[in-house]
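Everything below concerns the one structure shown next.
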Amino acid sequence: MDWPTILPNGLQLESLEANISASSIPVTILTGDNPRDPLDLFCKPNKSRPILPPSPPALPLIGHLHLIGSHFHISLQSLSAKYGTLFYLRLGASRSVVVSSAAMATEIFKTQDLAFAEHPKLGFSDEMPYAKYGFFSAPYGDYWRFAKKVCMSELLSPKQIECSRGVRDEELVRLLQIMFECSKKKELVDLGVELMKFTNNTLCRMAMSTRCSDRGDDAEEIREMVKDTFELGSKMFLGDVLGPLRKVGFWLYAKKAMDVHLRIDGLLERILKAHEDQNRKGEEEDLMDILLKVQKDDKAEVKMTRIHLKALVLDLFIGGTGTSSEVILWTLAELINHPNAFNKLREEIESVVGGTRLVEDSDVISLPYLQAVVKEGLRLHPPLPVTTRSSRQDCKIDGFDIPKETMIFINLYAIMRDPNTWENPNEFWPERFLISSSKEQENVEEAFNFLPFGAGRRACAGGKLGLTILHRTVAAMVQCFDWKVGGDQDAKVNMEVAKGVFMHVAHPLLCLPVVHFDPFASRT
């Protein structure tokens, strides 16, 4: 989220902070081990004041917004270094607590998982048609539990992932053929764009038995919808910052939000009708077939409507398309910048797979260094650097009070770069995941030190599918090609992160693919 862009009338936080600092407005917020939240001034006199976690000094009205820079996860990490791994923030009218250590994350994801089983309700959620029905946004309760069961036992089950192998194979071959063609013509390829198309097509075919990119305009439509949804999700945070004036924020973005919704709804409605009209006997069931079958099941625990189906499919696109392609891109970028790791991975692949065929899913179990490379890419560049929860009740963490409906920011980025846990935490060093003899390393995931997909009952449901796509794609791109950044053999990838709440690559990764191994050569 680019914080200056979410304030109305072009007002930027940097200038706001300077103006307030230069004014005569007194700042009387108390700090220390038991800061007083200024919002508690409005509490009833007989209400006991909660003992909140430590907190930075706050400014009137905006609270701690002036402390949040253009990279949300890095801002929280910096504040954690000063105020501890559990601290309190007030972002405008929104109360929040930031968690930045594995020990504190254990409280959220394990010890008190049920108490924090809610995702925060964003300021505009009541106005958004799908907001209460998606797997990510639905309130914790009977519907959410039913949706999770459908996702885990049907949509994203090991059986369904195996059934999708043919689709994933075809789309990977299509991606590689594009790279071979660019190599032949000596043309630079935008890896970010091509990987987005690849994940789009893979998920489209898994979900709806159709390729989203058979025509360029379809691919562009999907990419634009995903991009617009991410941007609007960031701006929706303004609703909570404004508190009682949250409707003002919705007026600012209502037209675009509804426009995006109508485009998404139109696309999904067309696909639903196509599935209902077609005779698909004898064909493999896709995710839409499964959802339609659940909808028609009179004995189902929850009666699903058309809106439910669309919301779940939309979550699949939003949660899988952009994040999967970004992690693949970051991992390839790290390998290009670390040629020793790149060559070590290629040698492992060639020793296991040989020189006559393309790496397959079944090879991954025999490729420990590949698994380590993917884990290291996820550690340094998690799909969602900060995940959120909301307290369903008043509770305590480490002796501090966490009032009901407090937003919890769990900084996965900071946890997975914690120098108390990881040696040289900012370096790309896949070997750290090969030290299996160390008891501490064996228990790293159980200790909540490695959390690329979150944890607990509201962890990312698509983690296993994401890993399957990651392993195979990274392996194939290393097995088949050398990569010249900008066409220059010695150039390095610019690893700058784009501004916002997500970890997007700031600059297009333009590379010239140089063929190392062509698994299709013998077929022609």
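The values are calculated or read from the model by the stated rules, or taken from the named source; none is laboratory data. These numbers were taken from a predicted model, which means no experiment stands behind them. Neighbour counts are summed over all protein chains in view; Cβ atoms, including those assigned to glycine, are modelled from backbone coordinates with ideal geometry.
Quick one: residue 407 ticks every box in (1) buried (at least 17 other Cβ atoms within 10 Å of the Cβ); (2) at pLDDT 95 or above; (3) in contact with a Lys or Arg (Cβ under 8 Å, 6 or more places away or on another chain) bar one, so which box is it?
For residue 407, the exception is condition (2).
Name every residue in segment 60-93 that is of a type in the set (A, V, I, L, M, F, W, C), surrounded by fewer than 19 Cβ atoms within 10 Å (Cβ to Cβ) and not in a loop (DSSP other than H, G, I, E, B), in order of residue number.
Scanning segment 60-93 gives 74, 81.
Condition check: more than 30 Å from residue 482 (Cβ to Cβ), touching a helix residue (DSSP H, G or I) at 6+ places or on another chain (Cβ under 6 Å), in a helix (DSSP H, G or I) and at pLDDT 80 or above. Does residue 288 satisfy that?
On the way: more than 30 Å from residue 482 (Cβ to Cβ): yes; touching a helix residue (DSSP H, G or I) at 6+ places or on another chain (Cβ under 6 Å): yes; in a helix (DSSP H, G or I): yes; at pLDDT 80 or above: yes.
Considered against the rule, which asks whether it is more than 30 Å from residue 482 (Cβ to Cβ), touching a helix residue (DSSP H, G or I) at 6+ places or on another chain (Cβ under 6 Å), in a helix (DSSP H, G or I) and at pLDDT 80 or above, residue 288 comes out as yes.
Given the conditions (1) closer than 30 Å to residue 93 by Cα; (2) in contact (Cβ under 8 Å) with a residue 12 or more places away in the chain, and given that residue 396 satisfies all but one, which numbered condition is not satisfied?
Unmet for residue 396, out of (1) closer than 30 Å to residue 93 by Cα; (2) in contact (Cβ under 8 Å) with a residue 12 or more places away in the chain: (2).
Please identify the pairs in which a residue from segment 136-154 that is at pLDDT below 90 has its Cβ atom under 7 Å from the Cβ atom of a residue that is part of a loop (DSSP other than H, G, I, E, B) and charged (D, E, K, R), counting only partners at least 6 apart or on another chain.
138/132; 139/132; 146/301
Give 159, 110, 148, 132 a once-over and let me know the one that is surrounded by fewer than 22 Cβ atoms within 10 Å (Cβ to Cβ), closer than 30 Å to residue 422 by Cα and of a type outside the set (A, V, I, L, M). Let's see the steps before the verdict.
Details: 159 fails: closer than 30 Å to residue 422 by Cα; 148 fails: closer than 30 Å to residue 422 by Cα; 132 fails: closer than 30 Å to residue 422 by Cα.
Going through 159, 110, 148, 132 in turn, just one is surrounded by fewer than 22 Cβ atoms within 10 Å (Cβ to Cβ), closer than 30 Å to residue 422 by Cα and of a type outside the set (A, V, I, L, M): 110.
Identify all residues within segment 146-160 that are more than 20 Å from the chain's Cα centre (by Cα) and either of a type in the set (D, E, K, R) or within 19 Å of residue 204 (Cβ to Cβ) (or both); write none if there are none.
149, 154, 159, 160
For residue 382, only one of the following conditions fails: (1) touching a Leu at 6+ places or on another chain (Cβ under 6 Å); (2) of a type outside the set (Phe, Trp, Tyr); (3) under 19 Å from residue 161 (Cβ atoms); (4) not in a helix (DSSP H, G or I). What is its number?
(3)
Residue-by-condition table, conditions (1) at pLDDT below 85; (2) in contact with a Pro (Cβ under 8 Å, 6 or more places away or on another chain); (3) of a type in the set (S, T, N, Q); (4) buried (at least 19 other Cβ atoms within 10 Å of the Cβ):
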| residue | (1), (2), (3), (4) |
| --- | --- |
| 185 | no, no, no, no |
| 198 | no, no, no, yes |
| 213 | yes, no, yes, yes |
| 217 | yes, no, no, no |
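Select, from 282, 320, the only residue that is modelled with pLDDT under 85 and either aliphatic (A, V, I, L, M) or under 30 Å from residue 366 (Cβ atoms) (or both). Steps first, please.
Working: 282 fails: either aliphatic (A, V, I, L, M) or under 30 Å from residue 366 (Cβ atoms) (or both).
Being modelled with pLDDT under 85 and either aliphatic (A, V, I, L, M) or under 30 Å from residue 366 (Cβ atoms) (or both) holds for just one of 282, 320, which is 320.
Matching residues to (1) within 29 Å of residue 302 (Cβ to Cβ); (2) of a type in the set (Phe, Trp, Tyr); (3) in contact with a Phe, Trp or Tyr (Cβ under 9 Å, 6 or more places away or on another chain); (4) at pLDDT below 90:
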residue	(1), (2), (3), (4)
71	no, no, no, no
77	no, no, yes, no
85	no, no, no, no
96	no, no, yes, no
103	no, no, yes, no
107	no, no, yes, no
112	yes, no, no, no
120	yes, no, no, yes
131	yes, no, yes, yes
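Can you say whether residue 171 is surrounded by fewer than 20 Cβ atoms within 10 Å (Cβ to Cβ) and modelled with pLDDT of 85 or more, as far as the supplied structure shows? Give the derivation first.
On the way: surrounded by fewer than 20 Cβ atoms within 10 Å (Cβ to Cβ): no; modelled with pLDDT of 85 or more: yes.
Here the answer is no, as residue 171 does not meet what is asked.
Would you please name the residue that is surrounded by the most Cβ atoms within 10 Å (Cβ to Cβ), looking only at residues in segment 292-345 that are outside any helix (DSSP H, G or I) and not charged (D, E, K, R)?
As a first pass, look at segment 292-345 and keep what is outside any helix (DSSP H, G or I): 297-305, 338.
Next cut, not charged (D, E, K, R) only: 300, 302, 304-305, 338.
On the way: 300: 13, 302: 17, 304: 22, 305: 11, 338: 19.
Checked segment 292-345; the qualifying residue surrounded by the most Cβ atoms within 10 Å (Cβ to Cβ) is 304.
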